[in-house]
Amino acid sequence: MIAKIMKGSDFRGVVSYILNDEKGTQIIDADGLFLENNDTIAQGFIGQAQMNPKVTKAVGHIALSFSKEDAPRLNNAIMAQIAREYMERMGIKETQYLIGRHFDKEHPHVHIAFNRIDNNGKTISDRNDRFRSERICKELTRKYGLHFANGKEQVKMDRLREPDKTRYELYQILKAEVGRCKDWQTLLDRLERQGISGQFKYKGQTDEIQGIIFSMNGYRFNGSKVDRQFSYSKIDAALNRNNYGERQTQPQPQANREEISPTSSNDVELISGSLGLLTPSNAPEEQQLYDPYLRNKKKKKQRKINW
C-alpha cells in the first residue's frame, strides 16, 4: 500500500477526476456531502472551505494504491475501511470527504478528496504529511496482511510522466553505477558519459559538502529525492565500502626474507655461552636463567642446614 498526496484549490476539478465515467468509478464512502451529482458535491466542498478563506489550497487529494496480488481480497468494504483508518491516523477527521474506487488499472486503488477546512472552520495540518503517510502505509500494510511491493523495482516506465520518468531513469543508472565505483571522481565521470551531471552542495561559505544535486534531461534532483540511498552521505559511504573491499581482495606483497643457513655446532656453543639459553645447571650462576622457584628451594635447603 502506498499513498500519493496532492493539494490544490479546485474542488470541481478533483471531483470531476474522481467521478470520471471512463475510470469505472464507484463511490465507496462519503461524509458531509450531497451526492446527487458532481456539481452538488463540489458546491458542498466549496461552501465549507469559505469558512476559512485565508487557506488558498483547501483541496486535499490522496490516491491509495495496493498491490495487484491483493486484488482478490480487496472488496469495496475493506478498501473503504482501510481508507478511513488511514485518514484517521493522518489527522483527517471531522471534515467532508469523498472516496471513489477506480477500475482503470490492474492494481486496486482509491482516490480520496477531502476538505482541508474541517467542520469547525479549522485547517487540517499538512505538516510532515509525506513522512507520516509513509509510516502509516507500512503499518496498515502489516495490520491487514497486505503484500509489500518492491518499490521502484515494479514501476512501469510507459505510465510515467515527466519529471517522474527522468527521476526513475536516474534511479536505475545510479543503482548500477554507485555499486561499481570506488570514488566520487570515477562516479561523476561515468554519469557524465550518460548525460548526467553532478553538483555538490556546500554548507554556507565553507568547504563542507552537505549534499549532491543530479541534473538529467533538463531536470534537477537532490540525491535523496531520487531515493534515500542516494543522498550524499549514503553514496559516500557506499564508495568507501567499495574502495575498502577492493583493497582487501588485492594480493598483499610478500616481505623479502633472508635465507638462514644451517647453524653449525660452533654457532650453537656461541649462542649457548652468550645467552645462557642452553647452559647446563652447573654453569656460573650469573649465566643461568633466573628461576624464583629454584632460588626459594635453595633458601629452604640452606635454612635446614643451619638448623
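Would you call I46 crowded, with 20+ Cβ neighbours inside 10 Å and in the same structural domain as K105 (by TED's automatic domain parsing)?
Taking the combined requirement at face value, the residue does not satisfy it.
For residues in the range 1-27 being in a helix (DSSP H, G or I) and hydroxyl-bearing (S, T, Y), which is nearest to the chain's Cα centre (by Cα)?
Across the range 1-27, the extreme among qualifying residues is Y17.
For the range 61-77, indicate whether the set of residues that are in the same structural domain as Y144 (by TED's automatic domain parsing) and within 15 Å of Q96 (Cα to Cα) is non-empty.
yes
Are any residues in the range 57-98 closer than 13 Å to I124 by Cα and part of a loop (DSSP other than H, G, I, E, B), and if so, which ones?
K57, A58, M90, G91, I92, K93, E94, T95, Q96, listed by residue number.
Would you pick out the residues in the range 64-106 that are aliphatic (A, V, I, L, M) and crowded, with 17+ Cβ neighbours inside 10 Å?
L64, L74, M79, A80, I82, A83, M87, M90, I92, L98, I99, listed by residue number.
Can you find even one residue in the range 33-40 that is over 34 Å from the mean Cα position of the chain (by Cα) and aromatic (F, W, Y)?
Checked against the condition, which is being over 34 Å from the mean Cα position of the chain (by Cα) and aromatic (F, W, Y), the range 33-40 yields at least one hit.
Would you confirm whether or not the range 86-98 contains a residue that is over 28 Å from the mean Cα position of the chain (by Cα) and β-branched (V, I, T)?
Within the range 86-98, the first condition is being over 28 Å from the mean Cα position of the chain (by Cα), and the residues that meet it are 93-98.
Add one more test, that the residue is β-branched (V, I, T), and what stays is 95.
Yes, because at least one residue in the range 86-98 is over 28 Å from the mean Cα position of the chain (by Cα) and β-branched (V, I, T).
Any idea which residue in the range 227-261 is farthest from V178 (Cα to Cα), counting only those that are assigned to a loop (DSSP other than H, G, I, E, B), small (G, A, S) and modelled with pLDDT under 90?
Taking the range 227-261 first, the residues assigned to a loop (DSSP other than H, G, I, E, B) are 227, 231, 250-261.
Going one step further and asking which of them are small (G, A, S), we end up with 231, 255, 261.
Subsequent filtering for residues that are modelled with pLDDT under 90 retains 255, 261.
Values: A255: 35, S261: 53 Å.
Selected residue: S261.
Here is a list of conditions, (1) buried (at least 17 other Cβ atoms within 10 Å of the Cβ); (2) farther than 21 Å from M87 by Cα, and H61 meets all of them except one; can you say which number that is?
Single failed check for H61: (2).
The values are calculated or read from the model by the stated rules, or taken from the named source; none is laboratory data. Model, not experiment: these values are computed from the prediction. Using ideal geometry, Cβ is built from the backbone for each residue, glycine included, and neighbour counts are taken over all protein chains shown.
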